[in-house]
1. Just the residues that are outside any helix (DSSP H, G or I), more than 14 Å from every other protein chain (Cβ to nearest Cβ) and not hydroxyl-bearing (Ser, Thr, Tyr), please, taken from the range A:114-128.
2. The conditions are (1) among the β-branched types (Val, Ile, Thr); (2) closer than 28 Å to A:Ala223 by Cβ; (3) modelled with pLDDT of 90 or more; (4) in contact with a helix residue (DSSP H, G or I) (Cβ under 9 Å, 6 or more places away or on another chain), and A:Val90 fails exactly one of them. Which is it?
3. Can you tell me which residues in the range B:281-306 are of a type in the set (Lys, Arg), within 15 Å of B:Phe353 (Cβ to Cβ) and within 30 Å of the chain's Cα centre (by Cα)?
4. May I ask you to verify whether A:Ala54 is modelled with pLDDT of 90 or more and hydrophobic (A, V, I, L, M, F, W, C)?
5. Among the residues of the range B:204-220, is there at least one that is closer than 17 Å to B:Val12 by Cα and either at pLDDT 80 or above or surrounded by fewer than 19 Cβ atoms within 10 Å (Cβ to Cβ) (or both)?
6. When you look at A:Ala111, is it in a loop (DSSP other than H, G, I, E, B), assigned by TED's automatic domain parsing to the domain that holds A:Thr50 and within 24 Å of B:Glu172 (Cα to Cα), yes or no?
7. Any residue in the range B:48-64 that's farther than 14 Å from B:Leu38 by Cα: show its pairings with residues that are outside any loop (DSSP other than H, G, I, E, B) and of a type in the set (A, V, I, L, M, F, W, C) at Cβ separation under 7 Å, as long as the two are six or more apart or on different chains.
Amino acid sequence: MRVFQGLKRIIYICTLTLTVAFGTHAAMAQEAKCHPEQLATKYPSLVGKTIKIATDGATPPYSMRDPNDFNKLIGLDNDMAHAAFDCIGVPVDFMIGAWSGLLPAVIAGQADVMWDTLYYTPERAKEADFVIYLRAATGGLVQKNNPKKIKSLDDVCGIRATAGLGSTEEAVFRDLSAKCVAAGKAAIEIVTFPDIPAGSRLVKNDRADLLMIDLGLVNSFIAADPDSFDLAFSILTDYKVGVGVAKNNKELSQAIFDALKILQANGTEEAIYKKYNFDHKQALPTEILTQ
Amino acid sequence: MPSVLKELAGYVVEPFLLQGAVTAIEIAAVAMVGGIILGLGLALMRLSRVAPVRWIAWFYIWFVRGTPQLLQLVFLYDALPIIGIKLDTFTTAVVGFALNEAAFSAEIIRGGILSVNRNQSIAASAFGMPPLLTLRRIILPQAMRAILPGMANDTISMIKGTSIASVIFVNELTFRSQQIVGQNFKFFTVFAAAGIIYLVMTSAIAGIQILLERRFNFELERKPADGNRLFGFNFGRAATPPPAAAIGKPVKSGAVVLDREWLQSLTSGASNGDTDSRPFVIGRNLWKSYGDREVLKGVDFTVNRGEVVVIMGPSGSGKSTLLRMVNHLESIDQGEILVGGKHIGYERVNGAFRPTGDLASARAKARIGMVFQHFNLFDHLTALENVMEAPTRVHREDAAKARETAMRLLTMVGLSNHTDHLPHRLSGGQQQRVGIARALAISPRLMLFDEPTSALDPELVGEVLAVLRQLADLGMTMIVVTHEIGFARDVADRVIFMDEGGIVEQGKPSEVIGNPRHERTRRFLRLVEEKTEETDVVSA
């Protein structure tokens, strides 16, 4: 029986690794103060630990390399993680790996938390707990001056659209395409990309008309290359973004929750959002979701 | 434009990227070493005579080659902790890549081993070299030429392929360049710089490949080397000067002059103690079949000390099989052979004979020299090294002494000018004389000749037979399978004529050849005499 469960788990981990999804974010606030010196009384299981944070370092503005020193990590998620664990009173160590390997590493106990644009879904919540802090928004990236005049998802029939392989956006495009066909319009020609910068090059080189992904990412692309890209539209979604924590690590989830609450209340979160030109309206009051 | 180049150059020397390159090399280097060692083991398992061992290796290769490496890495990293094995990132990558490489290199190594002529290992076995020594000294050095290109491919693939380990948090070159691009979107210069760094690394591998291939190309000339190398090849160029001092008197190359006393002392050392009056070789009721075909049907024969026995007969008569049974190169289905009163590699268990575990040492102890139809010289070793191989490696003789003996033997068979030549540079007759010297070097008590002149051009037969004649004169015990009637008539003490797996008749040459009693013998002799008249004249 244990073997069977182990096998199920292995299969799940492998599936998860192949199913790459790209994520987004939002939050609010209450009041309090950080008390890192109270670590031993509040979270005894964290004493002496160094929290290993899994991140990919290639998802601006959430997690990326510092242009002035490639050995340093910056970004909204990384800054938030630093602030949260400073508040809790434990040192951190960032483990940088490909995005698709991050959550499996947390589930397996190789890392403690995944803090990198991870969308909460009930399916994922079966394997890991989520401490949510952000509401995801989706953006449409198009070529400069939006040559196909795409203003919303009503304008996508017959276009060439691109999304991350296995992402929620890909599923959205497949749905919309079916609806286009049902309405007697041309289907969407869907191309998937393996990594986000590769997707942006599809748009830049006129191999795709529209790239749909997290709004923060889309804005980063536009900021980096304003001569090539424009924002077609943005949509605030129902997706919640959170920190992934192993199921058996309840005290860590609680600690992150407590810390985020403080950061949302004392203005730290807003300052970090501002630093990365990120709309603070996307912030969500933090919450622990276990299923 | 220059600014793009400047930016490109900046990324090529960017420490953040170079550190990733170092990571890739570290993982690939350790994993490659582990993979090759495991792969060699798997290749040998695949070649095993034991079926379950072959199946296990096949299954491993089937599984590892057949599943995505990405999933193997994730499994090692994220699934093993469930059963309590928690490997760190670097270890996981090394283990994962090594396990993967083992499957691929196993097949490359197996291909290389199979590409080496089977004659090579037969010759090594005949001289009592155990399997692993044969593999290390004889097979692998020759297999390297076939193995190296594939291995270079794998090494290069692995250096580049370490990028998939980003899924288990390995920050190598590709992943680091993706991170920079993810931050500044300058994919052109960053990826081009990564490409240049990869090219530098893979160029180094390609360079090493060229050097190694040159080392293992035995058709290139090389300088003589000493006999103390670990493998049957060396990596330094020159070695010791040609040991001409070891030769007593200079002999014109080509002339065959055996130093009788010395050679007798060399060979009698091994036969001391064999003083009993029974025949030296006794074969009783020998049966052998290959599948349904019966090759030997109850053969009895003996060879006395100092006797020269020639076995003749049409092809398929079983004469070579009989010869190869004497030193257990062929197994015996039924019956027994005693050499100097001992079974070679057999033990009697409840009245039945069973092969013993250590056949190689039984062959080595028997000290039976063997000369083959196709010479079977070790192709990657010089004439001198061929002769020294068994004395130094099997009989653990002192290298300097073995070298001196080898030089004398080669001088005796008229090859003092060819000691440092590889077999492919020698004529057939010269190769066969090296073959004879090699057999004599182990101080044989018995010499087996398996059609020693059949593969030679007629004008070269004489030079080989001349050596055999002189050995016979010395009183060497010899069994010679040959069609050379003139040789048999002049030299043999006894001729055995075989046909269809049995002995038709045997006796003095004057009887069997001069006055055969059986029609089958007469018919065969007529046929052979017609064909070999010319050769006979040369050899006489």
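1. Once the filter is applied, which keeps residues that are outside any helix (DSSP H, G or I), more than 14 Å from every other protein chain (Cβ to nearest Cβ) and not hydroxyl-bearing (Ser, Thr, Tyr), the range A:114-128 yields A:Trp115, A:Leu118, A:Lys126.
2. In the conditions (1) among the β-branched types (Val, Ile, Thr); (2) closer than 28 Å to A:Ala223 by Cβ; (3) modelled with pLDDT of 90 or more; (4) in contact with a helix residue (DSSP H, G or I) (Cβ under 9 Å, 6 or more places away or on another chain), A:Val90 misses (2) alone.
3. Once the filter is applied, which keeps residues that are of a type in the set (Lys, Arg), within 15 Å of B:Phe353 (Cβ to Cβ) and within 30 Å of the chain's Cα centre (by Cα), the range B:281-306 yields only B:Lys288.
4. Answer is yes for this residue.
5. Yes, there is a match, as at least one residue in the range B:204-220 is closer than 17 Å to B:Val12 by Cα and either at pLDDT 80 or above or surrounded by fewer than 19 Cβ atoms within 10 Å (Cβ to Cβ) (or both).
6. yes
7. Qualifying pairs under 7 Å: B:Val53/B:Met45; B:Arg54/B:Met45.
Residues checked against (1) in contact (Cβ under 8 Å) with a residue 24 or more places away in the chain; (2) surrounded by fewer than 21 Cβ atoms within 10 Å (Cβ to Cβ); (3) closer than 22 Å to A:Arg124 by Cβ:
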| position | (1), (2), (3) |
| --- | --- |
| A:Asn249 | yes, yes, yes |
| A:Ser253 | yes, no, yes |
| A:Gly267 | yes, yes, no |
| A:Tyr273 | yes, no, no |
| A:Tyr276 | yes, yes, no |
| A:Thr286 | yes, no, yes |
| A:Gln291 | yes, yes, yes |
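The values are calculated or read from the model by the stated rules, or taken from the named source; none is laboratory data. Keep in mind it's a predicted model, so treat the numbers as computed, not measured. Glycine also receives a Cβ, built like all others from the backbone with ideal geometry; neighbour counts cover every protein chain displayed.
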